[in-house]
Every structure is written in structure tokens, then in C-alpha cells.
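*Asks:* Handing you a structure now.
The values are calculated or read from the model by the stated rules, or taken from the named source; none is laboratory data. Predicted, not measured: the structure shown is a model, and the values here were computed from it. In this analysis, Cβ positions are derived from the backbone assuming ideal geometry, glycine residues included, and neighbour counts consider all displayed protein chains. Note: areas computed on protein heavy atoms with side chains; ligands, DNA, RNA excluded. Shrake-Rupley method; radii C 1.70, N 1.55, O 1.52, S 1.80 Å.
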Amino acid sequence: MDDRGGPPSSGRTWGDAGHDRTEYGGTEYGGARRSRRGAPAGSSRGARRVETGYSPGFDDGDPQDLPREVGGRGSHQPLRAQWDPTARTEPHRSRTPRPERQAKKQSKLGKFTSVYGWRAYAIPILLVVTSLVVIDAVRTGDPSTTAAVSPDQAANPGFGTLSSDTGDSTGVIGVPPAADGNFADSIPSGELPDGGVFTAQGAGTWHLVPGSTGQVGQGTERVFTYTVEVEDGVDTVGFGGDESFGRLVDQTLGNPKSWTNDPRFAFRRIDQGEPDFRISLTSQMSIRQACGYDIQLEVSCYNPGINRVVLNEPRWVRGAIAFQGDIGSYRQYQINHEVGHAIGYQQHQPCETDGGLAPVMMQQTFGTANDDIARLDPAGVVPMDGKTCRFNPWPYPRS
């Protein structure tokens, strides 16, 4: 039986001594095979090999050194690794071209929009709006603190002349003198705005709100002590209770824009002993007894005869028309204005610059126009000159 590249059916291997290898004629392994019986006489084993085209080093005489493609075990020569172990030995087959996508690949912006939907449009809009608000705030600033100062306007509105004998006086300080006519009808700006509920009549006595503070301010000339008190019968629940009232008093007097900006003054709250003055929240009818009602408007005042800075509770609840609904600023004005009387600034002040900030010692409860204030006190310090200021709760608004 002819050999076909593997062991013969007789069981003999290529290495058996009595076996002659099949010779391959023609080109490498491609010619017709001839058996040993067909070999010409006188041919030797060495001459029986035919030029096959493969390297002589491949065949070192070992009958098993046939190419692997026909069943041999290959050469005994040292193996050399390929330069690219991942390269394929078989001929490269071209890949089937990938069909073109119908849809275009999404950009990063497109992916962001598809994930976040309408939020992708809202976020940039909010960023732009926020930037505009910040820029506007930086340019314009707080009107109560950064208003432009004209050459003829002082750095802060004036306070008038400081008096040192307020504690010895018995007259009410802070209300205009009596005059003829019904002034409530002549100055609508002084009327009490609509708003929350207040106490019409209290008990006429006050209770101490517990609490104390350290000294605020340098006090090179005077350290004023004060207590915080509420009239019995006044319901403070609607605006945070007694403690809330006391806290706002402390925060206002401790603010650098308040009177302690002047190094001569300092404040310290006490709840024991005799204070220099008592800051007292007072009902509508008790106010009229403590401050008078010659001018039929809701007022606050400083009454040294009873040693009280008397704050009008209806105004504390509703504010004043000139403050345009800003209740918080009006409460700060109430405290600073009346405490200003208590520390020695007895006279009221006019609007100094048309369109500027009103002095804290101006009667802003009745309005911020000089003409309105002049109607209440024609012989007073406020001229009827047509000037109108903007409301201002601070002695030093630009500090």
C-alpha cells in the first residue's frame, strides 16, 4: 500500500531501518510519487533525494523530518519566535466593509441635552441671570450704604448738636410741638399703614426682658447702659416674642453703622441695677400718655422724666409709609432715632441732599420730604425747600 505522509498500515514507522522513504519528484512535495520498486538500479540512498525546494537544514537525515503539513514533526533546528506573536500565518482576508450608519454620532452637547432634557436649557439661563444680578449688585450696591456722595454732601448725614444734659431734662424729646390744625389730614405720609394687629391699651407698667451683653464700642467719653422692657399686656408673639424684640435691639445698637461708630460712645445691656435708659415697647394709648398726642399721629419718643426710650408698638408692627413696607429697616430706625435722643441729639434734622439718604435724626416716621415735615413744625429746623430723601435707618450708613 502506498504511503500518504503518515505511518503505513503495516505498522512500521518512518524510522524503521528496513523501510525506504517514499521519494517525491518534481517540485516540493508536488510531484508524482514513485515507490522503491520503481527506482533505477544503482541509485544510492543519498542520491534518491530529489530537489524539493525546501532548505537542506530542514532535513538532517531523520526520516521524521518532514514538514508538519504532511505529518512530520518538523526540524530539530532551534525555534525562533515570531516578531509579532499575534500575527496570523494564514493569508490576510479582507474584512467585509461596515455599513454606514444612518444616524450621525451625537456630540457631547447632544448627549448632555438628551440626558437632562429641559434642565440643559434652564441651567445656562439661570447662570446668565445670576451673573447679571451679581454685576448689577456690584455696580449699584445697597442704596442705603453705597449711594453716590456728591461734593456738597457729607460722608454721612448729620446729627445736629450733641447735648450732654438729656438725663437732667424732664421734657419729652422727639415729638414736634403743638400747632394749630389737624396735621394728620395735611400729611398723609405720616399716617399708620395697614398691617398686622397691635395692642391698643396696655397695663401702663413694664416688665424686664432678661439678658445682658458686654460693652459694644470704645466709649472714650460715655458708656451707656440700657435695659430692654415690654409693657404688660402687649402681645409680642406675632413678631417673635420678648426675646426677639430684645435681640433686635442688641443687634441694632451693636451694628458698626449705629452710634458706636463714633468712638465716644459705647453701649452695654444689663438686667440688674439702674440703667441710663430703658428701651420700652409700649402700647398705643400708653404711648399717648408718655409722648403726648398734640400731633395726631403715632409717634415714639424719649421721655427722660420716666427714663424711657418709648417705642410705639403699632409702628413696630406696621412701620411707616416712607419705608415702603420695609418693616425691619423701620424697626432699626425706631431704635437708632430714639436712642439718638437719649445720648444727646435732641434736634431733628432736615433732608440735606435731594435724592440722598435721610439723616437718622430726621422724622422719617412722618415722611422723608422736607415740605411734609415743615408742615408739622413751621418754625422748626426743617425748611420747606422741596427736597426729598430716601429712607435710612442708620447714623453711619456708609460705614
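*Asks:* Among the residues of the stretch 220-249, count how many are at positive phi and buried (at least 21 other Cβ atoms within 10 Å of the Cβ). If you could, list the steps in order and put the result at the bottom.
*Replies:* As a first pass, look at the stretch 220-249 and keep what is at positive phi: 233, 240-241.
Now narrow it down to the ones that are buried (at least 21 other Cβ atoms within 10 Å of the Cβ): none.
Qualifying residue count for the region: 0.
*Asks:* Might you let me know whether the stretch 190-199 holds any residue that is touching a residue at least 12 places away in the same chain (Cβ under 8 Å), open to solvent by 50 Å² or more (accessible area, probe 1.4 Å) and within 22 Å of R278 (Cβ to Cβ)?
*Replies:* yes
*Asks:* Does Q201 satisfy the condition of being among the polar types (S, T, N, Q), over 37 Å from the mean Cα position of the chain (by Cα) and more than 19 Å from N307 (Cβ to Cβ)? Give the steps one after another, and end with the answer.
*Replies:* On the way: among the polar types (S, T, N, Q): yes; over 37 Å from the mean Cα position of the chain (by Cα): yes; more than 19 Å from N307 (Cβ to Cβ): yes.
So Q201 fits the description; yes.
*Asks:* In addition: Of all residues in the stretch 369-399, which are buried (at least 21 other Cβ atoms within 10 Å of the Cβ) and either small (G, A, S) or within 21 Å of C291 (Cβ to Cβ) (or both)?
*Replies:* A369, D372, I373, L376, V382, P393, listed by residue number.
*Asks:* Looking at (1) open to solvent by 50 Å² or more (accessible area, probe 1.4 Å); (2) modelled with pLDDT of 65 or more; (3) in a loop (DSSP other than H, G, I, E, B); (4) aliphatic (A, V, I, L, M), which is the only condition V175 fails?
*Replies:* V175 satisfies every listed condition except (1).
*Asks:* Here is a follow-up. Among the small types (G, A, S), assigned to a loop (DSSP other than H, G, I, E, B) and surrounded by fewer than 24 Cβ atoms within 10 Å (Cβ to Cβ): is that true of G325 in this structure?
*Replies:* Numbers: among the small types (G, A, S): yes; assigned to a loop (DSSP other than H, G, I, E, B): yes; surrounded by fewer than 24 Cβ atoms within 10 Å (Cβ to Cβ): yes.
In short, yes.
*Asks:* Say we look at the stretch 309-321 and pick out the residues that are among the hydrophobic types (A, V, I, L, M, F, W, C) and either at pLDDT below 95 or open to solvent by 20 Å² or more (accessible area, probe 1.4 Å) (or both); which of these is nearest to L297 (Cα to Cα)?
*Replies:* Step by step, filter the stretch 309-321, then rank; the result is I321.
*Asks:* Follow-up. Can you go through R375, R331 and tell me which one is touching a residue at least 24 places away in the same chain (Cβ under 8 Å) and either more than 30 Å from G241 (Cβ to Cβ) or touching a strand residue (DSSP E or B) at 6+ places or on another chain (Cβ under 6 Å) (or both)? Quick ask: steps written out before the conclusion?
*Replies:* On the way: R331 fails: either more than 30 Å from G241 (Cβ to Cβ) or touching a strand residue (DSSP E or B) at 6+ places or on another chain (Cβ under 6 Å) (or both).
Going through R375, R331 in turn, the sole match is R375.
*Asks:* Tell me whether the stretch 329-337 contains one or more residues that are at pLDDT 95 or above and more than 30 Å from G273 (Cβ to Cβ).
*Replies:* As a first pass, look at the stretch 329-337 and keep what is at pLDDT 95 or above: 329-337.
Those left that are additionally more than 30 Å from G273 (Cβ to Cβ): 329-330.
Taking every residue of the stretch 329-337 in turn, at least one turns out to be at pLDDT 95 or above and more than 30 Å from G273 (Cβ to Cβ).
*Asks:* Being closer than 23 Å to F159 by Cβ and hydrophobic (A, V, I, L, M, F, W, C) is the filter here; which residues of the stretch 317-338 pass it? Give the steps one after another, and end with the answer.
*Replies:* Of the stretch 317-338, the ones closer than 23 Å to F159 by Cβ are 319-320, 322-323, 326, 328-338.
Scanning the stretch 317-338 gives A320, A322, F323, I335.
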